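To keep things clear, I will list the structure first and then write my remarks on it.
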Amino acid sequence: MELKYLVSVLENILKEPLPGRMGQQPMAPVPLEEDRFDSRRMKAARKGAVLMLICPFENGIRIPFIKRAVYEGVHSGQIAFPGGKMDPGDKNLEETALRETEEEIGVPREKIQLLGVLSDLYIPPSNFSVRPFVGFTSQPPIFRPDPREVARMISCDLAWLLDENNQKEKKFPLPSGRTIQAPYFDIDQEVVWGATAMILSEFLTLWKNKSNGG
């Protein structure tokens with residue numbers, strides 16, 4: 001798939017009504033937490049943003065992810081899109097997504113063109129409402145991950161993500177001692193689940209609807 005074609009399609013479908021919960025829920029942990037879709041909780045929560053960055057390379061189009069460094073927090077060591085909390089100096093969540101991406105993986109914000117947004121998602125364990133942005137770079141970026149925040153960077157070929165056969169499911173232990181069943185993406189021997197998988201799921205739902213003419 002060529003970048004020019006992908007960008008032109010995404011520019012159009014991201015202007016259409018988003019699938020929201022219907023797109024996110026297929027990759028949500030089970031039992032489903034209704035809090036994730038509670039608009040009141042979302043409105044009162046702390047605000048954050050992430051960026052799904054589409055990058056062209058010689059061997060195809062790839063999406064970068066970060067493995068968060070180990071720290072005292074509920075998302076320690078998890079796989080995520082570049083992003084984080086909104087700082088007081090940020091004009092809006094768009095600026096948050098671009099700033100955090102530049103800080104975490106070293107891609108200058110001026111090299112990134114935003115295409116649109118996906119649906120906000122509430123993350124109960126950290127009380128964050130996250131807005132996912134979709135953007136791209138016209139040239140292959142040079143990644144410079146911040147070692148204080150990023151333990152590892154991985155990237156995934158977009159064609160691989162579009163293949164539904166690459167979605168798996170297993171049990172996950174929680175800090176509380178409980179176990180939940182959750183679908184996930186197995187990307188470069190890393191487990192991508194929870195909010196990040198749900199964001200990916202909405203993106204893939206949009207693409208599938210476009211492909212089916214819906």
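The values are calculated or read from the model by the stated rules, or taken from the named source; none is laboratory data. This is a predicted model, so every value here is computed, not measured. Heads up, the Cβs are rebuilt from the backbone with ideal geometry, glycines too, and the neighbour counts pull from every protein chain shown.
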For this session: Determine the pairs where a residue that is under 19 Å from PRO64 (Cα atoms), located within the range 161-178, has a partner that is among the aromatic types (Phe, Trp, Tyr) with Cβ atoms under 9 Å apart, the partner being 6 or more residues away or on another chain.
Result: LEU161/PHE185; LEU161/PHE203; LEU162/TRP207; ASN166/TRP160; ASN166/PHE185; GLN167/TYR184; GLN167/PHE185
For this session: Evaluate the range 103-118: report whether one residue or more is under 12 Å from the mean Cα position of the chain (by Cα), in contact (Cβ under 8 Å) with a residue 12 or more places away in the chain and in a strand (DSSP E or B).
Result: yes
Problem set entry | Failed item in (1) surrounded by 15 or more Cβ atoms within 10 Å (Cβ to Cβ); (2) in contact with a Ser or Thr (Cβ under 6 Å, 6 or more places away or on another chain); (3) part of a loop (DSSP other than H, G, I, E, B); (4) at pLDDT below 95, with ASP90 passing the rest | (4)
Exercise. Would you pick out the residues in the range 29-42 that are over 16 Å from SER126 (Cβ atoms) and in contact (Cβ under 8 Å) with a residue 24 or more places away in the chain?
Worked result: VAL30, PRO31, PHE37
Exercise. Cβ-Cβ below 8 Å, separation at least six or inter-chain, first residue in the range 1-28 and touching a residue at least 24 places away in the same chain (Cβ under 8 Å) and surrounded by fewer than 16 Cβ atoms within 10 Å (Cβ to Cβ), second basic (Lys, Arg) and not in a helix (DSSP H, G or I): which pairs?
Worked result: none
Exercise. Is there a residue being loosely packed, with under 14 Cβ neighbours inside 10 Å and either in a strand (DSSP E or B) or on the phi > 0 side of the Ramachandran plot (or both) anywhere in the range 189-210?
Worked result: yes
Exercise. Does ASP146 satisfy the condition of being in a loop (DSSP other than H, G, I, E, B), buried (at least 16 other Cβ atoms within 10 Å of the Cβ) and either in contact with an Asp or Glu (Cβ under 8 Å, 6 or more places away or on another chain) or not β-branched (Val, Ile, Thr) (or both)?
Worked result: no
Exercise. For the range 103-159, which residues satisfy the criterion of being closer than 21 Å to ILE199 by Cα and among the aromatic types (Phe, Trp, Tyr)?
Worked result: TYR122, PHE128, PHE133, PHE136
